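J.: Please read through the structure below; I'll follow up with questions.
The values are calculated or read from the model by the stated rules, or taken from the named source; none is laboratory data. Bear in mind that the values here come from a model prediction, so they are computed numbers and not experimental data. Note: ideal-geometry Cβ built from the backbone for every residue, glycine included; neighbour counts use all protein chains shown.
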Amino acid sequence: MLPPDLKETRWRLTIDEAEDYQMMATLYEALYNGRPIPLEVAVDFLQRHPKVARLNQRVEHSAINQKLVELRAAQQPPLVGALPW
């Protein structure tokens, strides 16, 4: 289970579009030292570098991700099973 501050949904830590790749490449270049980048370190970097965090802010979440954001906002229990597309 993630701590509440790591459940932030304002960042897209995925690569679906060119803007996502640009943000993740910038994050990787700044933080990668031969070992996996801990989520806490990535989140801290994005909080301290809002310009990097904004690189992919215009990319829309997929339908499934939008539904997950809505459920988290409503503080419903975690999803189990399939969601209708």
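J.: Since Arg54 meets every condition but one in (1) modelled with pLDDT of 85 or more; (2) exposed (fewer than 10 other Cβ atoms within 10 Å of the Cβ), which condition does it not meet?
T.: Exception for Arg54: condition (2).
J.: Would you pick out the residues in the range 48-66 that are over 12 Å from the mean Cα position of the chain (by Cα), part of a helix (DSSP H, G or I) and closer than 16 Å to Arg10 by Cβ?
T.: Arg48, Pro50, Lys51, Val52, Leu55, Gln66
J.: If I ask for residues that are touching a helix residue (DSSP H, G or I) at 6+ places or on another chain (Cβ under 8 Å), farther than 13 Å from Arg12 by Cα and surrounded by fewer than 13 Cβ atoms within 10 Å (Cβ to Cβ), which ones from the range 31-40 would you list?
T.: The one that is touching a helix residue (DSSP H, G or I) at 6+ places or on another chain (Cβ under 8 Å), farther than 13 Å from Arg12 by Cα and surrounded by fewer than 13 Cβ atoms within 10 Å (Cβ to Cβ): Glu40.
J.: Mind listing whichever residues of the range 37-59 are within 12 Å of Thr26 (Cα to Cα) and touching a residue at least 24 places away in the same chain (Cβ under 8 Å)?
T.: Ala42, Leu46, Val52, Ala53, Leu55, Asn56 - these are the residues of the range 37-59 that are within 12 Å of Thr26 (Cα to Cα) and touching a residue at least 24 places away in the same chain (Cβ under 8 Å).
J.: Name the residues in the range 6-47 that are charged (D, E, K, R), outside any loop (DSSP other than H, G, I, E, B) and closer than 25 Å to Leu71 by Cα, would you?
T.: Of everything in the range 6-47, those that are charged (D, E, K, R), outside any loop (DSSP other than H, G, I, E, B) and closer than 25 Å to Leu71 by Cα turn out to be Asp20, Glu40, Asp44.
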